[in-house]
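Colleague: I am attaching a structure below and will ask some questions about it afterwards.
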Amino acid sequence: MNQDELKRLVGTAALDYVQPDSIIGVGTGSTVNCFIEALAHSGIRVEAAVSSSEATTRLLEDAGILVVDLNQTGGLDVYIDGADEFDPHRRLIKGGGGALTREKIIAAASRQFICIADTTKQVKVLGAFPLPVEVIPLARSLVARRMVALGGQPEWREGFTTDNGNWILDVHNMDLVDPVRTEETINNLAGVVTCGLFALRPADLLLIATENGIKQL
Ligand code: 5RP
């Protein structure tokens with residue numbers, strides 16, 4: 001199976017966790033796009049979805065799914081989203097698609113965060129994937145200097161603006177052996193909106209697409 005087939009497999013597997021007539025949280029990225037497509041063809045009717053990005057909102061609406069604001073819904077039962085990397089403790093790096101802040105908010109608001117990924121995203125220790133950090137534009141250079149002091153090599157994702165009007169630094173070669181501590185440290189820097197570490201609030205369940213089917217972690 002190639003990676004696209006693995007993404008379709010796990011996108012379809014996530015349907016088992018969608019309660020009919022519920023309001024679900026929906027992440028961003030090509031794996032989530034497979035989930036949205038599977039949902040659209042499944043015959044499962046959801047009441048509505050809370051979306052983590054403008055791109056996901058467009059796909060949900062094209063599929064005839066009502067998109068509502070998180071402020072209208074209160075807590076959600078389930079949030080389904082992908083990841084750029086996951087470790088054995090279900091801690092993640094996210095934000096390759098730049099939607100990390102809304103993703104983190106919806107994950108925080110959800111009782112169950114189900115992460116859908118394939119084996120190519122699996123690592124023993126997070127950090128091979130550059131860590132996305134969303135910054136207020138005014139603070140780009142300041143935060144970049146702080147990231148260098150923390151041992152990373154920040155690269156401005158030039159030409160990209162998040163749905164929140166901010167910028168992204170992709171930080172290479174960060175030491176992430178203690179991702180909880182690093183997440184707290186980076187999130188406390190002035191000018192940082194949030195970083196793409198999901199260690200304080202990891203996934204509750206990982207569905208991993210493998211050559212031999214879906215593995216759960
Ligand atoms: C977007 C994300 C995505 O979940 C992550 O980038 C994975 O994307 P894909 O499913 O396309 O590999 O965090 O901000």
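The values are calculated or read from the model by the stated rules, or taken from the named source; none is laboratory data. None of the values given here were measured: they were computed from a predicted structure. Cβ: placed from backbone, ideal geometry, glycine included. Neighbour counts: every protein chain shown. For the accessible areas, the whole protein counts, side chains as well, though only heavy atoms, and no ligand, DNA or RNA atoms are used. Shrake-Rupley method; radii C 1.70, N 1.55, O 1.52, S 1.80 Å.
Colleague: For the chain, what % of the accessible area comes from carbon and sulfur atoms, probe 1.4 Å?
Modeller: Its accessible area is 49 percent carbon and sulfur atoms.
Colleague: Per the helix-only calculation at 222 nm, which mean residue ellipticity applies to the chain, given -39500 (n - 2.57) for every DSSP H run of n ≥ 4 and division by its residues, nearest 500 deg cm²/dmol?
Modeller: Helix-only estimate at 222 nm: -8500 deg cm²/dmol.
Colleague: Throw me the Rg/Rh for the stretch 1-51, computed over C-alpha atoms with Kirkwood Rh, two decimals.
Modeller: 0.97
Colleague: Compute the relative contact order of the chain as a whole-number percentage, counting only Cα pairs closer than 8 Å that sit 6 or more residues apart in sequence.
Modeller: Computed value for the chain: 23 percent relative contact order.
Colleague: Another question, if that's okay. Could you check what % of the DSSP bridge pairs in the chain are antiparallel, to the nearest 5?
Modeller: So the antiparallel bridges in the chain amount to around 55 percent.
Colleague: Quick one: what are the phi-derived ³J(HN,Hα) couplings along the stretch 97-110, Karplus 6.51/-1.76/1.60 with θ = phi - 60°, whole Hz, x for glycine and proline?
Modeller: Going residue by residue, I get x, x, 9, 4, 5, 5, 4, 5, 5, 5, 4, 5, 8, 10 Hz, with x marking Gly and Pro.
Colleague: Given labels modelled 7 Å from the Cα in the Cβ direction, how far is it in nm from residue 188 to residue 158?
Modeller: Distance between label points: 3.4 nm.
Colleague: How many percent of all Cα-Cα pairs in the stretch 148-216 sit more than 16 Å apart?
Modeller: The proportion of pairs with Cα distances above 16 Å equals 61 percent.
Colleague: When every alpha-carbon pair in the stretch 51-103 is counted, what percent end up more than 16 Å apart?
Modeller: 52
Colleague: Separation between the residue 112 and residue 72 pseudo-spin-labels, each 7 Å from Cα along Cα→Cβ, expressed in nm?
Modeller: It is 2.5 nm.
Colleague: State the extension gain, in nm to one decimal, for the chain segment bounded by residue 2 and residue 128, taking 0.36 nm per residue of separation less the distance between their alpha-carbons.
Modeller: Fully extending the segment from residue 2 to residue 128 adds 43.2 nm.
Colleague: 7 Å from Cα along Cα→Cβ at both residue 141 and residue 17: what's the point-to-point distance in nm?
Modeller: Reported label-point gap for residue 141 and residue 17 is 4.3 nm.
Colleague: Here's a follow-up. In bins 10 Å wide, starting from 0, what share of all Cα pairs of the stretch 63-217 does each bin hold, as a percent?
Modeller: Histogram of Cα-Cα distances, whole percents per bin: 11, 39, 34, 14, 1.
Colleague: Over all distinct alpha-carbon pairs, what is the Kirkwood Rh of the stretch 113-192 in angstrom?
Modeller: For the stretch 113-192, inverting the mean 1/r across all distinct Cα pairs yields 13.5 Å.
Colleague: Rounded to two decimals, what is Rg over Rh for the stretch 23-62 when you use alpha-carbon atoms and the Kirkwood radius?
Modeller: That ratio equals 0.91.
Colleague: Quick check for you: with a 1.4 Å probe and neighbouring chains kept, what is the accessible area per residue of the stretch 8-111, in Å²?
Modeller: 42
Colleague: Could you give the size of the charge dipole of the stretch 56-103 about its Cα centre, using +1 on the Cβ of each K and R and -1 on the Cβ of each D and E, expressed in debye and rounded to the nearest 20?
Modeller: I would put it at about 100 debye.
Colleague: List the residues, sorted by chain then number, that are 5 or more residues from residue 79 or on another chain and whose placed amide H is less than 5 Å from its amide H.
Modeller: 25, 112, 113, 114
Colleague: Right, something else. Would you work out which of 125, 98, 202 lies farthest towards the positive end of the dipole of the chain, given +1 charges on the beta-carbon of Lys and Arg and -1 on that of Asp and Glu, about the Cα centre?
Modeller: 125
Colleague: Would you mind giving the average projected area, over all directions, of the Cα convex hull of the stretch 72-155 in nm² with one decimal?
Modeller: With every direction weighted equally, the projected area is 6.9 nm².
Colleague: Still on this structure, I have one more. Taking all pairs of different Cα atoms in the stretch 1-98, averaging 1/r and flipping that mean, what Kirkwood radius in angstroms comes out?
Modeller: Value: 13.8 Å, from the Cα pair sum.
Colleague: How big is the dipole moment of the chain about its Cα centre under a simple scheme where the beta carbon of each Lys and Arg is +1, that of each Asp and Glu is -1, and everything else is neutral? Debye, nearest 20, please.
Modeller: 480
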